[in-house]
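Some notes on the structure that comes next.
The values are calculated or read from the model by the stated rules, or taken from the named source; none is laboratory data. For clarity, every value in this text was computed on a predicted model and none was experimentally measured. Because the Cβ atoms are built from the backbone with ideal geometry, glycine has one as well, and the counts that use them run over all protein chains shown. What goes into the accessible areas is simple: the full protein's heavy atoms, side chains included, and nothing from ligands, DNA or RNA. Shrake-Rupley method; radii C 1.70, N 1.55, O 1.52, S 1.80 Å.
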Amino acid sequence: MKTTLEIPNTIFRRAKSAAAERGIPLREFVTEAVKDKLATNAKAGGKPWVKHMGKLKHLRKETARINRLIEEDSEKIDAEMWR
(Lines give C-alpha, C1' and ligand atoms only; values in the text may rest on other atoms or scores of the structure.)
Protein backbone atom coordinates (compact mmCIF):
# COMPACT_ATOMS: atom_id res chain seq x y z
CA MET A 1 0.00 0.00 0.00
CA LYS A 2 1.23 3.47 -0.77
CA THR A 3 0.84 6.38 1.59
CA THR A 4 2.25 9.83 2.20
CA LEU A 5 3.88 10.70 5.50
CA GLU A 6 5.07 14.02 6.84
CA ILE A 7 8.37 13.43 8.59
CA PRO A 8 10.47 16.26 10.02
CA ASN A 9 13.52 16.92 7.83
CA THR A 10 16.07 16.01 10.49
CA ILE A 11 14.43 12.65 11.20
CA PHE A 12 13.99 11.98 7.48
CA ARG A 13 17.68 12.62 6.79
CA ARG A 14 18.75 10.40 9.70
CA ALA A 15 16.41 7.61 8.57
CA LYS A 16 17.58 7.84 4.96
CA SER A 17 21.22 7.79 6.09
CA ALA A 18 20.63 4.80 8.40
CA ALA A 19 18.87 2.92 5.61
CA ALA A 20 21.75 3.63 3.22
CA GLU A 21 24.28 2.42 5.81
CA ARG A 22 22.34 -0.84 6.08
CA GLY A 23 22.04 -1.08 2.31
CA ILE A 24 18.24 -1.18 2.28
CA PRO A 25 15.63 1.11 0.77
CA LEU A 26 14.07 3.77 2.99
CA ARG A 27 10.70 2.04 2.50
CA GLU A 28 12.07 -1.14 4.09
CA PHE A 29 13.74 0.80 6.91
CA VAL A 30 10.48 2.60 7.78
CA THR A 31 8.51 -0.66 7.60
CA GLU A 32 10.94 -2.32 10.04
CA ALA A 33 10.79 0.69 12.38
CA VAL A 34 6.98 0.58 12.46
CA LYS A 35 7.01 -3.19 13.06
CA ASP A 36 9.46 -2.77 15.94
CA LYS A 37 7.36 -0.01 17.49
CA LEU A 38 4.17 -2.09 17.21
CA ALA A 39 5.90 -5.12 18.76
CA THR A 40 7.17 -3.02 21.67
CA ASN A 41 3.69 -1.67 22.32
CA ALA A 42 2.18 -5.15 22.14
CA LYS A 43 4.63 -6.44 24.76
CA ALA A 44 3.58 -3.74 27.20
CA GLY A 45 -0.04 -4.62 26.52
CA GLY A 46 -1.15 -1.10 27.19
CA LYS A 47 0.14 -1.36 30.75
CA PRO A 48 3.48 0.46 30.85
CA TRP A 49 3.72 0.00 34.62
CA VAL A 50 4.10 -3.77 34.14
CA LYS A 51 7.77 -3.41 33.23
CA HIS A 52 8.41 -2.03 36.73
CA MET A 53 6.72 -4.86 38.61
CA GLY A 54 8.96 -6.42 41.23
CA LYS A 55 11.66 -3.75 41.06
CA LEU A 56 11.28 -2.93 44.77
CA LYS A 57 11.18 -6.54 45.92
CA HIS A 58 14.54 -6.10 47.62
CA LEU A 59 12.91 -3.62 50.03
CA ARG A 60 10.36 -6.05 51.50
CA LYS A 61 12.41 -6.75 54.63
CA GLU A 62 13.03 -3.05 55.19
CA THR A 63 9.32 -2.28 54.75
CA ALA A 64 8.43 -4.98 57.27
CA ARG A 65 10.99 -3.57 59.72
CA ILE A 66 9.59 -0.04 59.37
CA ASN A 67 6.01 -1.27 59.78
CA ARG A 68 7.04 -3.16 62.93
CA LEU A 69 8.65 -0.01 64.38
CA ILE A 70 5.55 2.03 63.62
CA GLU A 71 3.36 -0.59 65.26
CA GLU A 72 5.58 -0.65 68.35
CA ASP A 73 5.53 3.14 68.66
CA SER A 74 1.76 3.21 68.17
CA GLU A 75 1.34 1.00 71.21
CA LYS A 76 3.20 3.57 73.33
CA ILE A 77 0.69 6.37 72.64
CA ASP A 78 -1.39 7.30 75.66
CA ALA A 79 -5.02 6.93 74.62
CA GLU A 80 -6.09 9.56 77.20
CA MET A 81 -3.88 12.13 75.54
CA TRP A 82 -5.86 11.89 72.27
CA ARG A 83 -9.33 12.40 73.70
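Find the residue count for segment 9-35, including only residues that are under 25 Å from the mean Cα position of the chain (by Cα) and open to solvent by less than 100 Å² (accessible area, probe 1.4 Å). Counting residues in segment 9-35 that are under 25 Å from the mean Cα position of the chain (by Cα) and open to solvent by less than 100 Å² (accessible area, probe 1.4 Å) gives 8. Examine segment 74-82 for a residue that is open to solvent by less than 100 Å² (accessible area, probe 1.4 Å) and either in contact with a helix residue (DSSP H, G or I) (Cβ under 9 Å, 6 or more places away or on another chain) or modelled with pLDDT of 90 or more (or both), and state whether such a residue exists. No, the conditions are met nowhere in segment 74-82.
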